[in-house]
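**Q** A single structure is presented below for examination.
The values are calculated or read from the model by the stated rules, or taken from the named source; none is laboratory data. All values derive from a computational prediction rather than experimental measurement. Don't worry about glycine lacking a Cβ; one is built from the backbone with ideal geometry, like all the others, and counts go over all protein chains shown. Just so you know, the surface numbers come from the protein's heavy atoms only, side chains and all, with ligands and any DNA or RNA stripped out. Shrake-Rupley method; radii C 1.70, N 1.55, O 1.52, S 1.80 Å.
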Amino acid sequence: MWRDLLPVGRAASGGYRRFAWTGADAECRAWFREQAQSRGLLYEEDRNGNQWAWTATGPDAVVIGSHLDSVPDGGAYDGPLGVVSSFAALDLLRERGEEPTRPLGIVNFGDEEGARFNVACVGSRLSAGVLTPEQARALKDADGVFLGDAMERAGFDPAAIGPDPERLGRIAAFVELHVEQGRDLVHRDRAVGVASAIWPHGRWRFDFRGEANHAGTTRLEDRRDPMLTYANTVLAARKKAHLAGALATFGKVDARPGAANAIASEVHGWLDARAADEQTLDEVVGEIIRTATERGERDAVCVQVARESYTPIVEFAAPLRDRIAKRLGGAPILPTGAGHDAGILSAHVPTAMVFVRNPTGVSHSPAESAEMVDCLAGVAALADVVTDLTSEDAV
């Protein structure tokens, strides 16, 4: 399975560009469908673009899975490891002669990374009602293509997207396996761990508007340079986050008109901010916005900020978390600053996460990795969890 999936969406950087509703995304979807059908599973796509594979229909289902899309030039493991491991866990259960006694589902959530339309977890957000159909259809990519149009070109009906309470109501528990995005398990010398919580996090778009002019003839004193205001804001974000023990990152920027010999007329930057609690996050982002606005006044640059997404703190269901940790021999419990579909669904379904050790600690990069022995440990752990959660006394 891993070899078959590995070439899909591979970029020259060695990383991946599996963006929502593109050719690479279609290849990933075809791969998922083939894996489901080859195992005799009931395959379906919901109206929000999520893919499901079921051993049986009915209530009180246990669902495992993750996503197959990527960030620009992302690694091979973030998302796909959870989907591949889910199919492998089912194979392992069948090898043991342990067909699940409850319906078991495997899911590939669509557009989890938000790399194309700048909102993460679109598929799960729509299903959970966190993102409205109107908001989703209004999203545009860098080329001005609306999400609805992209879905339609891929053969989906954008008019049908929206909450899916009936499907979520059939799920008794969702467990997402994911490569660890850090080195906590390395330091603990453990192959797998269990998530305790997801830090609150969000994305904000900063628009800096100044005046385009000639780079070689315009005096520094006469410039209204939005790049200067943007650069100051990037440095301020690092400082404010460091002082508060939070995280703040400007990882995407768009300067226009984009000429090397011209002062930009406008700069658009996207802030990703995360913290251990919502109050700290709000204070850090507020300080960054205040600093940007004050510097904009000095530079004669207009600054506007819009929050594009926000996820409050997610405390995973304690009974489910503790049960899984116990089943896995006292696996360590650790928090994460990364968002996941499991976090989005947690308000509607008991959810948990299992992490697999990442020796580099690097994620969202081609350097992201996991040793095969740890991946197989993750598969065995997931199979054990499914066995436990489909027993009569499970949640």
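**Q** Debye sum, Cα scatterers, region 88-180, no solvent: what log₁₀ I/I(0) at q = 0.17, 0.19 1/Å?
**A** Log10 I(q)/I(0), no solvent term: -0.84, -0.96.
**Q** With springs only between Cα atoms under 10 Å, which of Ile344, Ile324, Ile333 fluctuates most in a Gaussian network model of the chain?
**A** The residue that fluctuates most here is Ile333.
**Q** Which FRET efficiency value, to the nearest 0.05, do you get for Glu297 and Phe146 by plugging their Cβ-Cβ distance into 1/(1 + (r/R0)^6) with R0 = 51 Å? Mind showing how you got there, number by number?
**A** Working: r = 34 Å, r/R0 = 0.68.
Rounded to the nearest 0.05, the efficiency is 0.90.
**Q** Between the alpha-carbon centers of region 244-285 and region 193-242, tell me the distance in whole angstrom.
**A** 5 Å
**Q** Another one. Assign one of three labels to region 295-395, namely rounded, prolate or oblate, based on the Cα gyration tensor with a ≥ b ≥ c the square roots of its eigenvalues; rounded applies when a/c is under 1.5, prolate when it is not and a/b is larger than b/c, and oblate otherwise. Working shown, then result.
**A** Numbers: a/c = 3.65, a/b = 1.80, b/c = 2.03.
It comes out oblate by the Cα gyration axes.
**Q** If a paramagnetic tag sat 7 Å from the Cα of Glu315 along the Cα-Cβ line, which residues of region 257-291 would have the backbone N under 15 Å from that point?
**A** Counting backbone N atoms under 15 Å from the label point, the list is 276-279.
**Q** Rounded to whole Å and sorted largest first, list the principal axis extents of the Cα atoms in region 112-166.
**A** 35, 21, 16
**Q** Within the chain, what percent of beta bridges assigned by DSSP are antiparallel, to the nearest 5?
**A** Close to 70 percent.
**Q** Same structure again: So between Glu44 and Asp73, what do we pick up on full extension, going 0.36 nm a residue minus the alpha carbon distance?
**A** Working: separation 29, 0.36 × 29 = 10.44 nm, distance 2.90 nm.
That works out to 7.5 nm of additional length.
**Q** To continue, here is another question. Mean separation of Cα pairs under 8 Å and 6+ residues apart, divided by the residue count of region 161-309: what relative contact order is that in percent? Write down the numbers at each step before the final one.
**A** Working: 231 pairs, mean separation 48.8, N = 149.
Relative contact order of region 161-309: 33 percent.
**Q** While we're on this one: Given a Förster distance of 41 angstrom, what is the FRET efficiency for Gln135 paired with Thr218, based on the Cβ-Cβ distance and rounded to 0.05?
**A** Values: r = 40 Å, r/R0 = 0.98.
The pair Gln135/Thr218 has a calculated efficiency of 0.55.
**Q** Considering only Asp222, Asp78, Asp341, give the residue with the highest GNM mean-square fluctuation for the chain, with springs between Cα atoms whenever their separation is below 10 Å.
**A** Asp222
**Q** Right, another one. Just Glu95, Glu368, Glu221 to compare: in a GNM of the chain, with alpha carbon springs under 10 Å, which one fluctuates most?
**A** Comparing Glu95, Glu368, Glu221 in a Gaussian network model of the chain, the most mobile one is Glu221.
**Q** Out of the total accessible area of region 176-334 (probe 1.4 Å, heavy atoms of protein only), what percent is carbon and sulfur? Don't skip to the end; give the middle numbers.
**A** Numbers: 3930 of 7940 Å².
The computed percentage sits at 49.
**Q** Using a cut-off of under 16 Å, list every residue of region 299-332 whose amide N is near the label point 7 Å from the Cα of Glu211 along the Cα-to-beta-carbon line.
**A** 299-303
**Q** Same structure, new question: Above 17 Å lies some portion of the pair distances; for region 41-88, what is it as a whole percent of all C-alpha pairs?
**A** Result for the distance tail: 43 percent.
**Q** Right, here's the next one. Per residue of region 331-348, in order, report the coupling 6.51 cos²θ - 1.76 cosθ + 1.60 (Karplus, θ = phi - 60°) as ³J(HN,Hα) in whole Hz, putting x for Gly and Pro.
**A** With coefficients 6.51, -1.76 and 1.60, one gets 4, x, 10, 9, x, 9, x, 9, x, 8, 4, 4, x, 5, 7, 4, 6, 10 Hz.
**Q** If you don't mind, another one. Using a basic spin-label model with each label point 7 Å from the Cα along Cα→Cβ, how many nm lie between Trp270 and Arg96?
**A** Between Trp270 and Arg96, the label points sit 4.0 nm apart.
**Q** Could you work out how much longer the chain between Glu166 and Arg10 gets when fully extended? Use 0.36 nm per residue separation minus the Cα distance between them, nm to one decimal. Walk me through the numbers on the way to the answer.
**A** Numbers: separation 156, 0.36 × 156 = 56.16 nm, distance 3.64 nm.
So the extension gain works out to 52.5 nm.
**Q** Using a 1.4 Å probe on the protein heavy atoms only, what accessible surface does Arg307 show? Give it in Å² to the nearest 10.
**A** We get 150 Å² for Arg307.
**Q** Give me the 1.4 Å probe accessible area per residue for region 193-244, excluding ligands and nucleic acids, in Å². All intermediate terms of the calculation are to be shown ahead of the outcome.
**A** Working: 2710 Å² over 52 residues.
I get 52 Å² per residue for region 193-244.
**Q** Under a Cβ-only charge scheme (Lys and Arg +1, Asp and Glu -1), can you give me the dipole magnitude of region 32-100 about the Cα centre, in debye to the nearest 20? Before the final figure, lay out the partial values.
**A** On the way: 5 positive and 12 negative charges, 28 e Å.
Around 140 debye, computed over region 32-100.
**Q** Within the chain, which whole H helices from DSSP have a Cα span along their axis of at least 18 Å and a mean Kyte-Doolittle hydropathy of -0.5 or more, if any?
**A** Numbers: long enough: 23-38 (22 Å, -1.01); 80-95 (22 Å, 0.93); 226-244 (27 Å, 0.17); 278-299 (31 Å, -0.97); 372-389 (25 Å, 1.57).
Helices meeting the span and hydropathy rule in the chain are 80-95, 226-244, 372-389.
**Q** What does the C-alpha gyration tensor say about the overall shape of region 132-237? Classify as rounded when a/c is under 1.5, otherwise prolate if a/b is larger than b/c, or oblate. Before the final figure, lay out the partial values.
**A** Details: a/c = 3.35, a/b = 1.43, b/c = 2.35.
Note, shape of region 132-237 comes out oblate.
**Q** Under the rule a/c < 1.5 gives rounded, and otherwise a/b versus b/c splits prolate from oblate, where does region 64-129 land using the Cα gyration tensor? Don't skip to the answer; put the middle values down first.
**A** Details: a/c = 6.18, a/b = 1.80, b/c = 3.44.
In terms of gyration-tensor shape, oblate.
**Q** Taking H as built 1.01 Å from N, whose amide H comes closer than 5 Å to the amide H of Val194, not counting residues under 5 places away?
**A** Ile333, Leu334, Phe355
**Q** Could you calculate the FRET efficiency of Asp254 with Arg188 from 1/(1 + (r/R0)^6), where r is the beta carbon distance between them and R0 is 41 Å, rounded to 0.05?
**A** On the way: r = 40 Å, r/R0 = 0.98.
Once rounded, the FRET efficiency stands at 0.50.
**Q** For the chain, treating each Cα as an identical point scatterer without solvent, what Debye log10 I(q)/I(0) comes out at q = 0.08, 0.10, 0.14 1/Å?
**A** Here log10 of I(q) over I(0) equals -0.44, -0.67, -1.23.
**Q** Sticking with this structure for a sec: Under 28 Å from the Cα of Lys240, which lysines turn up, not counting those fewer than eight places away in the same chain?
**A** Partners found: Lys252.
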